[in-house]
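K.L.:
Take this structure, written in structure tokens, and hold onto it; I'll ask about it next.
The values are calculated or read from the model by the stated rules, or taken from the named source; none is laboratory data. Keep in mind that this is a model prediction, so the values were computed, not measured. For neighbour counting, all protein chains shown are included, and Cβ atoms are generated from backbone atoms with ideal geometry for every residue, glycine included.
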Amino acid sequence: MGIECLAKLEVPIIKLPNIDKKDDDIDPESSKLWLERSKQVRDALEEYGCFLCEYDDDESSRCCNSSSSSKLDSNYEEIFKGLKELFDFPLETKMKNVSDKPYHGFLDSRAPFVLPLHQSLGIENASSYEAVQSFVNLLWPSGNHHFCENLFAYSKKIAEMEQLVKRMVFESYGVGKYTDSHIASTTYLLRTMKYRIPKMGEENIGAEAHTDKSFFTILHQFDGVNGLQIKPKNYDQWLGVHFSPNYFLVMAGDACLAWSNGRIHSATHRVIIEGNKERYSTALFSYHKGIIEIPQELVDDKHPLRFKPFNHYGLLGYFSTDDCDKMPSTANAYCGV
């Protein structure tokens, strides 16, 4: 699974390592393929900070709560339809989406680090049906049961993907004994995002260059509208990431970088809006409740201890401070040794 750089317009494109989940024998108990895929995941995250993951139709039919013959493609269409309706609500309606945690509620051009092309809403505890229902009822006071069911199934399936990736990473490092407790302490934020088309003379930057503060981020985009650009490790130029709606981009955040004692790369990325179509996407961010410890197994002569135990939401809160955007690395500044 190599890396392929192509030129399209003026933006290079990177074809990231693709982890295809449609193999039936991915089984941590007995499968050689599990070990191979786990190493591929780990290598991709260490080298690039991200990789692409695909669900096949047979498995994806279990992602929606409609008929058994439904495909995830149809679920995507329902989510896409709901997102467009969601962002068509008046500003005062969307502003009801609030949170006491940074970057968890409604964001638009008035928020720090966010540019005028961007609007997004957040669903805390997105793997919980009650949380998804509460979010939907906040925006649709009369209810929207169909969208709620589809959105919950969608969020839950992506959260399961995150847990699978986490298990693969932990086991590939030989620290699988910590996996269950880490997953039990994980909570999920699903952000729904819209980027409008720039006006004449307006900059086309949808989101400034940054790294995520999550443990993992799983990004999904709709309607074939690209725009994500990444600077992998040891690259000086931006690489455009193009992927279809049946792919998910799994990206490591700063919390994962610190947990891995700097072995995993947290990729710098941004969003550039081109063309004449609005961009809709979602991102599932995983956060850890409580203190994240750096496994002693990941500390050795080649990898001396680089980070202290840290509070994940403390890291996120630190990122929201005025001076943090001047720091070259949020993790190093917040919990570096």
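K.L.:
Could you go through region 294-317 and let me know if any residue there is hydrophobic (A, V, I, L, M, F, W, C), surrounded by fewer than 20 Cβ atoms within 10 Å (Cβ to Cβ) and in contact (Cβ under 8 Å) with a residue 60 or more places away in the chain.
P.N.:
Yes, region 294-317 contains a residue that is hydrophobic (A, V, I, L, M, F, W, C), surrounded by fewer than 20 Cβ atoms within 10 Å (Cβ to Cβ) and in contact (Cβ under 8 Å) with a residue 60 or more places away in the chain.
K.L.:
Further question on the same structure: Would a scan of region 264-277 turn up a residue that is more than 18 Å from Val175 (Cα to Cα), β-branched (Val, Ile, Thr), without any contact (Cβ under 8 Å) to a residue 60 or more places away in the chain and touching a strand residue (DSSP E or B) at 6+ places or on another chain (Cβ under 9 Å)?
P.N.:
Yes, the conditions are met somewhere in region 264-277.
K.L.:
List the pairs whose first member sits in region 81-101 and is closer than 19 Å to Ala126 by Cα and in contact (Cβ under 8 Å) with a residue 60 or more places away in the chain, whose second member is surrounded by 14 or more Cβ atoms within 10 Å (Cβ to Cβ) and among the β-branched types (Val, Ile, Thr), and whose Cβ atoms are under 6 Å apart, counting only residues at least 6 apart or on separate chains?
P.N.:
Final answer for the pair search is Leu83/Thr192.
K.L.:
Mind telling me which of the residues Asp56, Asp88 ends up being modelled with pLDDT of 95 or more and either at positive phi or acidic (Asp, Glu) (or both)?
P.N.:
One residue alone meets the criteria, Asp88.
K.L.:
Taking interchain pairs and intrachain pairs at least six residues apart, which have beta carbon atoms under 6 angstrom, with the first residue in region 174-189 and among the small types (Gly, Ala, Ser) and the second surrounded by fewer than 18 Cβ atoms within 10 Å (Cβ to Cβ)?
P.N.:
Qualifying pairs under 6 Å: Gly174/Glu297; Ser185/Lys289; Ser185/Gly290.
K.L.:
Spot the failing condition for Gly174; the list is (1) surrounded by fewer than 21 Cβ atoms within 10 Å (Cβ to Cβ); (2) more than 25 Å from Leu86 (Cβ to Cβ); (3) in contact with a Lys or Arg (Cβ under 6 Å, 6 or more places away or on another chain), and only one is missed.
P.N.:
(3)
K.L.:
List, please: which pairs have Cβ atoms under 7 Å, are six or more places apart or on different chains, and start with a residue in region 223-247 that is of a type in the set (Ser, Thr, Tyr) and end with one that is modelled with pLDDT of 85 or more?
P.N.:
Note: pairs meeting the criteria are Ser244/Gly224; Tyr247/Leu52.
K.L.:
Still on this structure: Testing Ala283 on (1) crowded, with 21+ Cβ neighbours inside 10 Å; (2) modelled with pLDDT under 95, one condition comes back false. Which one is that?
P.N.:
The number of the failed condition is (2).
This table checks each residue for (1) over 19 Å from the mean Cα position of the chain (by Cα); (2) among the hydroxyl-bearing types (Ser, Thr, Tyr).
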{"site": "Ser286", "(1), (2)": "no, yes"}
{"site": "Ile291", "(1), (2)": "yes, no"}
{"site": "Glu297", "(1), (2)": "yes, no"}
{"site": "Asp300", "(1), (2)": "yes, no"}
{"site": "Pro304", "(1), (2)": "yes, no"}
{"site": "Leu316", "(1), (2)": "no, no"}
{"site": "Ser320", "(1), (2)": "no, yes"}
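K.L.:
When you scan region 193-203, do you find a residue that is of a type in the set (A, V, I, L, M), under 16 Å from the mean Cα position of the chain (by Cα) and surrounded by 17 or more Cβ atoms within 10 Å (Cβ to Cβ), even just one?
P.N.:
Within region 193-203, one or more residues are of a type in the set (A, V, I, L, M), under 16 Å from the mean Cα position of the chain (by Cα) and surrounded by 17 or more Cβ atoms within 10 Å (Cβ to Cβ).
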